[in-house]
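Student: Attaching a single structure in structure tokens format; questions to follow.
The values are calculated or read from the model by the stated rules, or taken from the named source; none is laboratory data. Predicted, not measured: the structure shown is a model, and the values here were computed from it. FYI the Cβ positions are ideal-geometry reconstructions off the backbone, even for glycines, and counts take in every protein chain you see.
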Amino acid sequence: MRVIRSIPEMRAALAEARRDPACRIGLAPTMGCLHEGHASLIRELRRRGCLTVVSLFVNPTQFGPSEDFSRYPRPFDADCRLCDQEGAAFVFAPDAAAMYPPGSDTVFVEETALSRGLCGASRPGHFRGVATVVTKLFQIVQPHVAVFGRKDAQQACVLERVTAGLNMPVEIVVCPIVREPDGLALSSRNRYLTPEERIQARCLVEALREAAARVKRGERQAAGLVAAMEACLRARPLARPDYLAVVDARTLEPVPEAGPSTLVALAVRVGGTRLIDNLWINEAGEPIL
């Protein structure tokens, strides 16, 4: 595995790889602080036969002024070990000056429909920063395939729309959520939680499991599902909901009833940490956590 920090070197290395006409390049864009969820993305690219690039870049433009950019964990050596163990060919770890050269503060990529609600309402500018940095990474790496986790379902929808809207020849693959043994979705921000907060953070998956159970029993009204999830959260005094929503999984618009291709999503602050999770109701009407 090679660790590359400069954009010209990354482009040169991949130009060499492309001399093989059978080479397919896969990209896993990350902010580092890798865990088993990220490892599953690397494995998916390798399963598809891709030469795998993992980007490690804490992107400043997707953080708000009061968010955790400065304290976001950056365990670079551990991240590289995980990438090496999972068989990545390259780690691309540019610095902010390379990704945002002088004058780039007036250039952004923005999706204006899917990014409005859910996390977009609570984190103005966040998805503009995500769309911008991922577009930059796509321009540098020029992957055939890029992988993202379904925990960040809104992000995946936005990036699918951006990729299609800008005619970028990149296949977006959305991989299943990877969870802790107790069901908590893996997240780099889980490490912010105190032991008591970690226990109470189970309320996210508890609320989603309650919604899933009701859907399986035939309950469809969005208002009833949201009320049931709210009741689960009220049992955890450290949990403060940001949003609970039942939306169309493609448009992210609220729907009155859950059905095939519906997303049940929530964002909750546990102590000082904001966590997100969701369940997807597939085309067959089965809730998938």
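Student: Looking at (1) touching a Gly at 6+ places or on another chain (Cβ under 6 Å); (2) more than 21 Å from G149 (Cβ to Cβ), which one does C175 not meet, given that it meets all the others?
Tutor: It fails just one condition, (2).
Student: Collect the residues in region 18-31 that are over 19 Å from L159 (Cα atoms) and touching a residue at least 60 places away in the same chain (Cβ under 8 Å), keeping them in residue-number order.
Tutor: Keep residues of region 18-31 that are over 19 Å from L159 (Cα atoms), which gives 18-24.
Result: R24, single match.
Student: Something else now. Would you check if there is a residue in region 188-203 being in a strand (DSSP E or B) and hydrophobic (A, V, I, L, M, F, W, C)?
Tutor: no
Student: Taking the stated definitions as given, is G149 touching a Gly at 6+ places or on another chain (Cβ under 7 Å) and either under 24 Å from D68 (Cα atoms) or surrounded by 19 or more Cβ atoms within 10 Å (Cβ to Cβ) (or both)?
Tutor: Yes, satisfied.
Student: Hey, can you tell me all the residues within region 240-289 that are charged (D, E, K, R) and surrounded by fewer than 21 Cβ atoms within 10 Å (Cβ to Cβ)?
Tutor: R240, D242, D248, R250, E253, E257, R269, R274, E283, E286
Student: Can you tell me which condition R128 does not meet? The list is (1) part of a helix (DSSP H, G or I); (2) buried (at least 21 other Cβ atoms within 10 Å of the Cβ), and all the others hold.
Tutor: R128 satisfies all of (1) part of a helix (DSSP H, G or I); (2) buried (at least 21 other Cβ atoms within 10 Å of the Cβ) except (2).
Student: Pairs needed: first member in region 219-244, under 12 Å from V270 (Cα atoms); second member anywhere, in a helix (DSSP H, G or I) and at pLDDT below 95; C-beta distance under 8 Å; at least 6 residues apart or different chains.
Tutor: Going by the 8 Å Cβ cut-off, the qualifying pairs are D242/S122.
Student: I've got another one for you. Would region 236-246 turn up any residue that is over 23 Å from the mean Cα position of the chain (by Cα), within 27 Å of S70 (Cα to Cα) and hydrophobic (A, V, I, L, M, F, W, C)?
Tutor: The answer is yes; a qualifying residue exists.
Student: I'd like to know if region 207-225 contains one or more residues that are crowded, with 17+ Cβ neighbours inside 10 Å, under 26 Å from F148 (Cα atoms) and β-branched (V, I, T). Quick ask: steps written out before the conclusion?
Tutor: Residues of region 207-225 crowded, with 17+ Cβ neighbours inside 10 Å: 207-209, 211-212, 214-215, 220, 222, 225.
Filter again for under 26 Å from F148 (Cα atoms), leaving 207-209, 211-212.
Imposing the further condition that a residue be β-branched (V, I, T) reduces the set to none.
Within region 207-225, not a single residue is crowded, with 17+ Cβ neighbours inside 10 Å, under 26 Å from F148 (Cα atoms) and β-branched (V, I, T).
Student: State all residues of region 105-120 that are under 21 Å from D242 (Cα atoms), under 17 Å from the mean Cα position of the chain (by Cα) and not polar (S, T, N, Q); if no residue qualifies, say none.
Tutor: Answer for region 105-120, where residues must be under 21 Å from D242 (Cα atoms), under 17 Å from the mean Cα position of the chain (by Cα) and not polar (S, T, N, Q): L114, R116, G117, L118, C119, G120.
Student: Would you say Q154 is touching a Lys or Arg at 6+ places or on another chain (Cβ under 7 Å), touching a residue at least 60 places away in the same chain (Cβ under 8 Å), buried (at least 17 other Cβ atoms within 10 Å of the Cβ) and not small (G, A, S)?
Tutor: no
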